[in-house]
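Taking it in order: structure first as structure tokens, then the write-up.
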Amino acid sequence: MSSNAANIDTCATCGKEGDSLKGCTACHMVKYCNRDCQISHRKQHKKACKKRAAELYDEKLFKEV
């Protein structure tokens, strides 16, 4: 397996692979191939997203001090 294989992104909803997937702008944990996939995955992703977004916000605040 080449090192590039580890860098391939996968859509969190449908499993489509590619380099041009868009990441969740709040948490950056998951990626989607299109808006429809993002919307259909929102219910499962919402809780983890809020938690990670809060962690990222806290990290940003601590770096500023």
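Within region 43-52, the only residue that satisfies the criterion of being open to solvent by 100 Å² or more (accessible area, probe 1.4 Å) and either closer than 11 Å to THR13 by Cα or modelled with pLDDT under 95 (or both) is GLN44.
If you go through region 8-65 and pick out every residue that is touching a residue at least 24 places away in the same chain (Cβ under 8 Å) and touching a helix residue (DSSP H, G or I) at 6+ places or on another chain (Cβ under 8 Å), you end up with 7.
The values are calculated or read from the model by the stated rules, or taken from the named source; none is laboratory data. None of the values given here were measured: they were computed from a predicted structure. FYI the Cβ positions are ideal-geometry reconstructions off the backbone, even for glycines, and counts take in every protein chain you see. Note: accessible area is taken over every heavy atom of the protein model, side chains too, but ligands, DNA and RNA are not part of it. Shrake-Rupley method; radii C 1.70, N 1.55, O 1.52, S 1.80 Å.
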